[in-house]
Structure formats: C-alpha cells, structure tokens
Amino acid sequence: MLSLLSPYDSKALAATAPNSYALVQRAIDGYVLPHIEELKSQTERLALSVDRLCQNGAEASREEVASEFRKTVEAYAGIEFFRFGPLVEKGRREKLSFWPDPRGIVPRQLRLFMANQNLSQMNADAISKQSAALQGLPALEYLLTDNTAPLGPDAKSTDRCVLANAISQNIANNARDLEHGWTKDGGWKDKMLRPGSDNDTYKDPNESASEFVKALLVGFQLLADIQVKPRFDATRKQQGHITLVGPYEKSGLVKAYYAASVASLQKFYDTLAMENFLPEEQDWVKNWAGGAWRTMRASDGVGGRRPEAGRDDTPSLRELFDKITGLRKLVSREMAASAGLTVGFNELDGD
C-alpha cells in the first residue's frame, strides 16, 4: 500500500527518468488538480443554485441555474478523458455524466423512476444507490429543461425539485470524492509520483508518464469519434446505426461542450509539452500539429465556424475529424516515441 511506504526521494526518482518524472509533475500540478478543483467548486455552486430556484422560482434564479449548469458541463469536459484512477473507480464517470446515451436510457429511467417512486424522502445518499443514469448531469439536465413542469416552489414541482436537489448534491459529492481520490494520502497523485516495486500500478516514472499521454489520446478519440464523426458519417446512418445525440443538446450546449473539450485538450497538450521531445529534423510534426489545432479551434464542432476562428474558411467536419485523428497519431507515433514512452491500447481501442 502506498500509504505505508517510507518517505520517497523525489530527486532519486527523477534521476531514473528525468523527462518522464517532470512530465508527471507538470500534468498533476499544472492541469489535473486545478481542473478537478474547478469541477468540485462548480458542482457545489450548481447545487446551491438549484436549491435557490426550487425555493423561489424566480427568472433570475432560472438563469443562474442555466449559467452554473453550463459552467459545470464545461468543467467536466476538462477531465472526462482521464479514463483511469478516481474517475473510473466505483463507476464515478458514469455517475457524473451518463453520456453518450444513444438509446435514451436517461429519460426512460427518469420517467419510470418519477412515476413509480415516492420522491418526498429522496436525497443525495438515496439517489447514489440508484442506477448511474439517474445520478448525473444528463439526468439533471432532463429536469432543468422539462418545460411541462418547471422547477420552482409550486406544488406540482415539489417532487421534481426534491429529485433535482438530490441529483445536484450527489454530483457535488462525486466531484468531492474525485478530488479526494487524487489528493488523499496514498491517493492517485502519490501513486503516480511514487512509482516503484511496491506500487501496485506504476513501476517507474515512464509508466506514470505514459498514463497521461494515453489520457490525451483518449481525449482526441472522444472528440473525433463521439462528438464529430456521428455528424457526417452517412455510412453508419445507411446501415441503421443509432445516431448519437450531441452532448447536452437539450440545454443547447453542444457547441459549448465541443469548445471546452478543444480548449481543455490543447491546455493539457501544452502542459505535457510533448513537442519538446522532438528532434530538430522533426519540426514538420510541430508545424502539422499547429495547423491541426487551428482547424479544431476554427470549427464549432457541428459544421460551422467559430467567430474567433484563426482561419478565414470554415473547416468541414470531415477535415476536422481527419485533423484530430492525425494529431492523435502524431502524438502516439512520433512524440511519445521521441520521449521514450510506450503507449499501448487505450480504453476506447477495440470497442
């Protein structure tokens, strides 16, 4: 157990693989912990705003909830690609955001749950024992955007408000647990900064560093295959595949989620500083990567062009997909190799 290890010598560990150890430190202190803290703080603000709306039903409170929900969704986009550690423990990722949901499980389960359960005693602890589809941001979105019974102090909204409060508080609890999983003694920060023979996950700094590179690759794959590809892949539609609904489409946040995903991935990419490992003769990789990021920033993710785009034309969705997947390959094949890191299959490969 990490918590039982003797105090570790960070200088000695860094000496075994200085570039990898520095990358892990940058990733944790420069990106992971600040973004998880932001998610935790934002979920707490969201829960408070939902409670205020249910108490007064004022239009200003409704606008506040919409704003806090958007900020929470954007904060989640910044950490959703960490498909390891505390985010995947105890099904926490699905409990925070049960998406993609191509079969409409969230609305179906919510309708059945509200019709068949006594909601008067519902709270965060009770909802945490239910299906993951009932617990997270998509479930809360369903309640916030259902105009047939807007949240407020009216009698007809009482049960929905009890449920909305329970879900929003449960989201905040999961975000707090996520942070604790990283920062506690013997938690994931310790695991990644204290690799060795007595570490059950990482044996050396290269393994810790590779985990973060794989997370970046997962982020690119999620962006390309889940957010972008379903919008232009006519073959899948002709073959009768279920069409994915965009993330948080009921709230009108598809473009916002795409923009937050791109901004987060670029910040994480810059934090890892993978380009610094490339030799001079591979400057073409840096140039290609720069063009890929310009394309990603120029697109709104649904076929349009963002107002602040760094290019004059509008990238097609096909071009956008190709740039994302191309950058993913460059990180995996060129940058990781130059850094001396081995990147194997990630969570999404082979699905």
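The values are calculated or read from the model by the stated rules, or taken from the named source; none is laboratory data. Please read these numbers as outputs of a predicted model, since none were measured by experiment. No Cβ is skipped: glycine too gets one built from the backbone with ideal geometry, and neighbour counts run over all protein chains shown.
Worth a mention:
- Exclusive hit being modelled with pLDDT under 95, within 22 Å of the chain's Cα centre (by Cα) and either among the charged types (D, E, K, R) or buried (at least 23 other Cβ atoms within 10 Å of the Cβ) (or both), set Asp159, Asp101: Asp101
- Of all residues in the range 250-283 being aromatic (Phe, Trp, Tyr) and under 17 Å from the mean Cα position of the chain (by Cα), the one that is nearest to Phe81 (Cα to Cα): Phe268
- Residues within the range 242-295 that are under 30 Å from Gly104 (Cβ atoms) and not hydrophobic (A, V, I, L, M, F, W, C), tallied: 13
- Qualifying positions in the range 83-98 - surrounded by fewer than 20 Cβ atoms within 10 Å (Cβ to Cβ) and part of a loop (DSSP other than H, G, I, E, B): Arg83, Phe84, Val88
- Any chance Ala209 is among the small types (Gly, Ala, Ser), surrounded by fewer than 22 Cβ atoms within 10 Å (Cβ to Cβ), out of contact with any strand residue (DSSP E or B) (no Cβ under 9 Å at 6 or more places or on another chain) and in the same structural domain as Ser264 (by TED's automatic domain parsing): no
- One residue from Leu265, Leu330 being over 24 Å from Ser97 (Cβ atoms), crowded, with 19+ Cβ neighbours inside 10 Å, assigned by TED's automatic domain parsing to the domain that holds Glu211 and modelled with pLDDT of 95 or more: Leu330
- In this structure, Val245 does satisfy being aliphatic (A, V, I, L, M) and either within 19 Å of the chain's Cα centre (by Cα) or within 24 Å of His35 (Cα to Cα) (or both).
- Qualifying residue in the range 240-253 (condition: out of contact with any Phe, Trp or Tyr (no Cβ under 6 Å at 6 or more places or on another chain), modelled with pLDDT of 95 or more and closer than 21 Å to Tyr21 by Cα): no
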